[in-house]
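Okay, structure first, notes after.
The values are calculated or read from the model by the stated rules, or taken from the named source; none is laboratory data. For clarity, every value in this text was computed on a predicted model and none was experimentally measured. Here Cβ is always computed from backbone atoms with ideal geometry, including for glycine, and neighbour counts include all displayed protein chains. Accessible surface areas use protein heavy atoms only, side chains included; no ligands, DNA or RNA. Shrake-Rupley method; radii C 1.70, N 1.55, O 1.52, S 1.80 Å.
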Amino acid sequence: HDHKSCVEAGIAAADAACEQQGLRLTPVRRRTLEILLEAHEALGAYDVLARLSAEDLGSKPPVVYRALSFLVDQGFAHRIERLNAFVACAHPGAAHEAAFMICRGCGTVAETQLRSAALTQTAKDSGFVIEQTVIEAEGLCPGCQVTT
């Protein structure tokens, strides 16, 4: 895994999407996304704020919450409800149903795309229109299975 190219690709995708939509990827938004991309794990808002503050990019909670809200709204990041944390999107700019595998051992979060035909059919049968689906599964990653 080339970590540097992973971060660069995520930023490039965000830059392109913002340019196409006429949005601004401000320095705080950009750095917040970089922090999430570099982490490869879910980070709480205050974890991100500590890094922004250390770099003199903001020390007040609204700064990070506005940046995270922008990133989530634009599909560059996801909020992991179970952890009350945020993770960079593995498929920025692509419409997809996010599914997350959360390791309860090491805290690693892996994003995958999941098509739930059963859920879609059940919704259709009941007349319900699904607008967004986020699935969070908790368990143990291969590394943590070995150590338990």
Among L25, L36, L49, the single one that is crowded, with 17+ Cβ neighbours inside 10 Å and either charged (D, E, K, R) or not in a helix (DSSP H, G or I) (or both) is L25
Specify the residue that is farthest from G44 (Cα to Cα); the eligible residues are those in the range 103-136 that are assigned to a strand (DSSP E or B), open to solvent by less than 50 Å² (accessible area, probe 1.4 Å) and among the aliphatic types (A, V, I, L, M).
-> A110
Taking F86 as the residue in question, decide whether it is at pLDDT below 95 and among the aromatic types (F, W, Y).
-> no
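Of the residues R82, R66, only one is open to solvent by 50 Å² or more (accessible area, probe 1.4 Å) and touching a strand residue (DSSP E or B) at 6+ places or on another chain (Cβ under 6 Å); which?
R82
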In the range 35-48, which residues are modelled with pLDDT under 95 and not aliphatic (A, V, I, L, M)?
-> E38, H40, E41
Here are some conditions: (1) open to solvent by 60 Å² or more (accessible area, probe 1.4 Å); (2) without any contact (Cβ under 8 Å) to a residue 40 or more places away in the chain; (3) out of contact with any helix residue (DSSP H, G or I) (no Cβ under 7 Å at 6 or more places or on another chain). G139 meets all but one. Which one does it not meet?
-> (1)
Six or more apart or on different chains, Cβ under 6 Å: which pairs go from a residue in the range 9-32 that's under 14 Å from G75 (Cβ atoms) and in contact (Cβ under 8 Å) with a residue 60 or more places away in the chain to one that's open to solvent by less than 60 Å² (accessible area, probe 1.4 Å) and in a loop (DSSP other than H, G, I, E, B)? Could you list them?
-> A13/P92; A14/L25; A14/F76
Counting only residues that are out of contact with any Cys (no Cβ under 8 Å at 6 or more places or on another chain), in contact (Cβ under 8 Å) with a residue 60 or more places away in the chain and of a type in the set (A, V, I, L, M, F, W, C), the range 90-125 contains a total of 1
Could you tell me which residue of the range 62-89 is farthest from E111 (Cα to Cα), considering only residues that are β-branched (V, I, T) and without any contact (Cβ under 8 Å) to a residue 40 or more places away in the chain?
-> V63
